[in-house]
Amino acid sequence: MKVIVPCCGRSSRFPGQPPKWMLPAADGQPMLRLALSGLPLELDDLIVTILREHEEKFDVQAGLASVFGRPLRVAILEQPTGSQSETVAATLRQVDLDEPFLVKDSDGYFHCPDITSDVNYICVDTLNHFDLINPRNKSYVQVDAADRILSMREKVVISDLFNVGGYFFRSPIEFLRYYDSLATQAASSELYLSNVVSAMLAGGVPFEARRTSGYQDWGTAHDWRRALLGKSAYLVSLDGFIFERGSRYFRPRFQDVRPNPLAVEAVRELAKAGNQIVYLSIRPQSDEALTRAQLLVNKLPDGQIVWDCPSAQWQLITAPHPTLPFATALATESDPADDKLREQINSTRDT
């Protein structure tokens with residue numbers, strides 16, 4: 001089977017930006033890679049569909065090869081399409097696909113440990129698992145007791161089960177037959193993949209609901225900002241916070257400093273929660289081996305260290321960007337011996 005990821009949208013909800021699937025996540029990797037990370041996917045089975053104009057402007061194929069460590073199979077469309085279903089149909093025809101395929105949205109994440117199947121399916125989750133989902137921009141399915149899909153509707157809440165951005169079709173020929181029939185009738189309106197599925201259901205083609213977990217939606221700039229706010233990069237002072245303040249000249253010298261246990265534990269917890277740790281130090285880089293050994297013995301996360309930081313007021317200068325959290329920098333001064341240290345750090349993060 002193949003996994004088709006349509007990346008031909010205009011990203012109208014991300015005005016003035018490159019295509020949203022290119023935007024960097026907290027680790028610097030593009031949204032697209034994060035969107036695929038929940039699937040047991042072989043790169044040989046991946047097909048990414050892009051526009052010619054994006055290839056010429058952003059050098060997409062070379063960029064994807066760099067991201068994934070090898071060239072990917074890329075379908076290039078000369079003109080924008082009117083819908084995701086049209087993009088899928090054009091992709092099937094261009095690559096002449098003759099095997100089952102999963103269509104995966106580029107602007108969301110879900111975990112599905114098995115994507116193979118002997119029957120068509122729709123990837124779903126329940127609204128009962130979420131607090132911040134806009135129910136009006138989803139498609140929904142009704143199922144029987146065996147999770148066989150009875151009906152599917154676009155932007156109409158007919159049950160608690162909504163599509164998380166995955167559609168599996170056993171037959172490209174069958175998909176194209178139904179798509180072509182609908183396309184001739186709906187030339188003036190957007191033809192959703194859910195419309196194709198509904199027509200197939202009405203024609204007696206069976207579909208099942210495939211339950212997934214961990215769904216994240218990045219369809220708008222607001223959604224993406226919220227996802228980025230879920231993780232932070234902490235710039236942590238080594239000298240005086242994690243360790244007692246040392247000196248290269250006088251006691252206690254850097255090799256003799258003691259750790260501050262509460263600070264050490266707070267940084268461990270930040271890293272365990274998936275946050276990035278960057279250490280700031282007044283030490284010279286010639287002390288790197290010593291410093292790395294001190295981090296290791298105290299079971300602190302390994303991370304980037306900025307050496308020779310001046311003993312001066314630190315000011316962080318950033319630029320606003322619509323795909324980043326509104327407040328890109330926060331600062332706090334905390335006593336590493338304060339027993340409420342973790343609460344102080346968490347309250348700063350939530351500001």
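Quick look at the values:
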quantity: One residue from 147, 131 being at positive phi, in the same structural domain as residue 198 (by TED's automatic domain parsing) and surrounded by fewer than 17 Cβ atoms within 10 Å (Cβ to Cβ); calculated: 147
quantity: Yes/no for residue 180 being without any contact (Cβ under 8 Å) to a residue 12 or more places away in the chain and within 21 Å of residue 206 (Cα to Cα); calculated: no
quantity: Strands (runs of 3 or more DSSP E) fully within region 168-261 counting 1 or more residues that are of a type in the set (A, V, I, L, M); calculated: 207-211, 233-237
quantity: Every pair of residues 6+ apart whose Cβ atoms lie under 8 Å, when the first sits in region 221-240 and is in the same structural domain as residue 18 (by TED's automatic domain parsing) while the second is among the acidic types (Asp, Glu); calculated: 223/217
quantity: Number of positions in region 73-95 that are under 25 Å from residue 122 (Cβ atoms) and surrounded by fewer than 18 Cβ atoms within 10 Å (Cβ to Cβ); calculated: 5
quantity: Residue list for region 278-304, restricted to those being part of a loop (DSSP other than H, G, I, E, B) and within 30 Å of the chain's Cα centre (by Cα); calculated: 299, 300, 301, 302, 303
quantity: Which numbered condition residue 234 fails, given (1) modelled with pLDDT of 95 or more; (2) of a type in the set (Ser, Thr, Tyr); (3) under 30 Å from residue 218 (Cα atoms); calculated: (1)
quantity: Residue check, residue 46 free of Cβ contacts under 8 Å to residues at least 60 places away in the same chain and in contact with a strand residue (DSSP E or B) (Cβ under 7 Å, 6 or more places away or on another chain); calculated: yes
quantity: Residue within region 292-313 that is free of Cβ contacts under 8 Å to residues at least 12 places away in the same chain, within 19 Å of residue 344 (Cβ to Cβ) and in the same structural domain as residue 337 (by TED's automatic domain parsing) present; calculated: no
quantity: Matching residues, region 241-291, being more than 13 Å from residue 307 (Cα to Cα), in contact (Cβ under 8 Å) with a residue 40 or more places away in the chain and among the aromatic types (Phe, Trp, Tyr); calculated: 241, 243
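The values are calculated or read from the model by the stated rules, or taken from the named source; none is laboratory data. Computed from a predicted structure; not experimentally measured. Please note: Cβ atoms are built from the backbone with ideal geometry, for glycine as well, and neighbour counts cover all protein chains shown.
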